[in-house]
Amino acid sequence: MRKILIANRGEIALRVMRTCKDMGIKTVAVYSEADRNAPHVRFADEAVFLGPAPSSESYLVMDKIIQAAKDTDSEGIHPGYGFLSENAIFAKKVQEGGITFIGPDTHAIEVMGSKLAAKDAVSNYDIPMVPGIDRAIDDKQEAIEIAKGIGFPILIKASAGGGGKGMRVVENVEDLPEQMERAISEAQSAFGDGSVFIEKYVTSPRHIEIQVLADTHGNVVHLFERECSIQRRHQKVVEEAPSCILTKELREKMGAAAVRVAQACDYVGAGTVEFLLDSAMNFYFLEMNTRLQVEHPVSELITGIDLVEQQIKVARGEKISFEQSDLSINGHALELRIYAEDPLDNFSPNIGTLTTYERPQGKGIRLDDGYEQGMDIPIYYDPMIAKLITYGSTREAAIQSMISAINDYKIEGIKTTLPFGKFVFENEQFINGKFDTHFVKNFYSPEKIKDQFKSEAELAGRIALKAFLDQKRLLTGTQASASPWKNNRIKS
Ligand code: MV4
């Protein structure tokens, strides 16, 4: 493969291109009207214009992207995450166009795109699943009988679901009919598929996912776990590897189960198997994501493996050059997603111009970003502008690096989740590893970071005052007066 088209934008387009360049592979960017001057366009060897800013007219237009690949003689298409990355029709069209889709084949994408089909596919592979039913249900009386059998609380889920849409917790039998009706209509309007099913509701789970890698020769390995329990409204904000809760034995069990899930759908490439871990340390298969994930860097840092390089090698038909026993966890990695959102205002989107943008630097700091100072954040796409990733020999060291990196990261012009990140990494529950998927709801409130801003402002004030007093002492050779502000105006 001499040339790859990257069907994406922002940080992930750049991240994929970096590995292509390291491998001596030429890169082709695609871009919309809003991204004419974006870094991913300048970084690529060539760039093809797609169309107007809305993704429905640019990054989601399959035929334009495939034509761009043909016009530039690209031999592969890397979809990144989001956009067309888990679109089986796109993967098929790419292959039919004689271009290599850097990802799994259509079958795996289709099976894992449906929760019910996924449950069915893994049913003979000894994969632990949450107690529940494995087929769509629309009869309310039948649902009541099933729910009674499982025991409340139960969870209604949409088979085509994602991002928590079509999901309803039901506490008692009286609420079931109405909640079921709502779940079905929500699933129908969001996914065009009203199939729902019922599971036991795991009340305080941790979200643990396993990175897998499979080649076309039947080899499958896992690259251990990532913990992604710190999320809000189904949007992950902090991820880490390894999880501080897993034992060696549980890690091996979950890893082996994830490998079997990959085998169950003839998986090829890099994928992620999601599990819930309950408070008694039982794990249950949730779903498989058939793409490179946002949080893949933390796995790269603890294993020393470049996942994009592996994706490309597997797509070229190469065998994975290592075995499970060659892999081990080294150190600890953390990731904070920097969203253009205001954590003081219910994480509402906060777009604008990056008037100041200064990157933190130093040992153990990796910043995967896609913007530069002076750029506007477009409203059309995902509000994630960067991923701040730190690595240390221990979790404590990685946390310390993260806090100093957050302090050194200067973003002005838009509000971001940086202060929220600082709250998390300084939080006692987080530091002690005592958290689950309800962390944000249970421990965060805007007041917590308002205090942070206030104490920082007070500290800044004290430092300024001390500097002022020291200088005055030097200049006058006397003790400063108790109230220096009276006679001195501070120039702005
Ligand atoms: C669950 C669950 C509890 N019990 N299933 C949320 C999105 C979808 N991928 C699966 N999700 C959940 N499924 C049962 N039987 C709790 C969640 C859940 C969750 C899972 C992972 C990470 C964050 C979450 C936040 C809320 C709910």
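The values are calculated or read from the model by the stated rules, or taken from the named source; none is laboratory data. Just so we're clear, the structure is a prediction, and the values are computed from it rather than from any experiment. Glycine also receives a Cβ, built like all others from the backbone with ideal geometry; neighbour counts cover every protein chain displayed. All accessible areas refer to the heavy atoms of the entire protein, side chains included, with ligands and DNA or RNA removed. Shrake-Rupley method; radii C 1.70, N 1.55, O 1.52, S 1.80 Å.
For (1) farther than 29 Å from Thr27 by Cβ; (2) in contact (Cβ under 8 Å) with a residue 60 or more places away in the chain, each residue gets a yes or a no:
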| residue | (1), (2) |
| --- | --- |
| Ser74 | no, yes |
| His78 | no, yes |
| Leu84 | no, yes |
| Lys92 | no, no |
| Phe101 | no, yes |
| Leu116 | yes, yes |
| Ser123 | yes, no |
| Met167 | yes, no |
### Query
Which is buried (at least 20 other Cβ atoms within 10 Å of the Cβ), modelled with pLDDT under 95 and hydroxyl-bearing (Ser, Thr, Tyr), of Ser159, Ser189?
Ser159
### Query
Is there any pair with a first residue in the stretch 29-52 that is outside the structural domain of Met375 (by TED's automatic domain parsing) and under 24 Å from Arg2 (Cβ atoms) and a second that is aromatic (Phe, Trp, Tyr) and surrounded by fewer than 18 Cβ atoms within 10 Å (Cβ to Cβ) whose Cβ atoms are under 7 Å apart and which are 6 or more apart or on different chains, and what are they?
Tyr31/Phe49
### Task
Could you please find all residues in the stretch 255-279 being within 14 Å of the ligand (Cβ to nearest atom) and aliphatic (A, V, I, L, M)?
Val273, Leu276, Leu277
## Note on the structure
When Lys434 is run through (1) in contact (Cβ under 8 Å) with a residue 12 or more places away in the chain; (2) surrounded by fewer than 15 Cβ atoms within 10 Å (Cβ to Cβ), the failure sits at (1)
### Subset of the stretch 274-292 (residues that are outside any strand (DSSP E or B) and either buried (at least 19 other Cβ atoms within 10 Å of the Cβ) or in contact with a strand residue (DSSP E or B) (Cβ under 8 Å, 6 or more places away or on another chain) (or both))
Asp278, Thr290, Arg291, Leu292
### Message
Cβ-Cβ under 6 Å, sequence separation 6+ or interchain: first residue in the stretch 396-412 and assigned by TED's automatic domain parsing to the domain that holds Tyr357, partner exposed (fewer than 14 other Cβ atoms within 10 Å of the Cβ) and hydroxyl-bearing (Ser, Thr, Tyr). Which pairs?
### Response
Lys410/Thr356; Glu412/Thr355; Glu412/Thr356
### Message
Quick check on this structure: which one of Leu367, Leu336 is open to solvent by 20 Å² or more (accessible area, probe 1.4 Å), modelled with pLDDT of 95 or more, touching a Leu at 6+ places or on another chain (Cβ under 7 Å) and not assigned by TED's automatic domain parsing to the domain that holds Arg15?
### Response
Leu367
### Checking Lys236 against (1) of a type in the set (D, E, K, R); (2) more than 9 Å from the ligand (Cβ to nearest atom); (3) part of a strand (DSSP E or B), the condition it does not meet
(2)
## Note on the structure
Of the conditions (1) surrounded by 21 or more Cβ atoms within 10 Å (Cβ to Cβ); (2) more than 16 Å from the ligand (Cβ to nearest atom), the single one that Lys115 does not satisfy is (2)
### Query
Restricting to the stretch 157-183, what's the tally of residues that are more than 10 Å from the ligand (Cβ to nearest atom) and under 23 Å from Ser123 (Cα atoms)?
2
### Query
Looking at Leu176, Leu213, which one is open to solvent by less than 20 Å² (accessible area, probe 1.4 Å) and not assigned by TED's automatic domain parsing to the domain that holds Thr303?
Leu176
### Task
Considering only residues that are in contact (Cβ under 8 Å) with a residue 60 or more places away in the chain and within 16 Å of the ligand (Cβ to nearest atom), look in the stretch 216-233 and name the one that is most open to solvent (accessible area, probe 1.4 Å).
Arg233
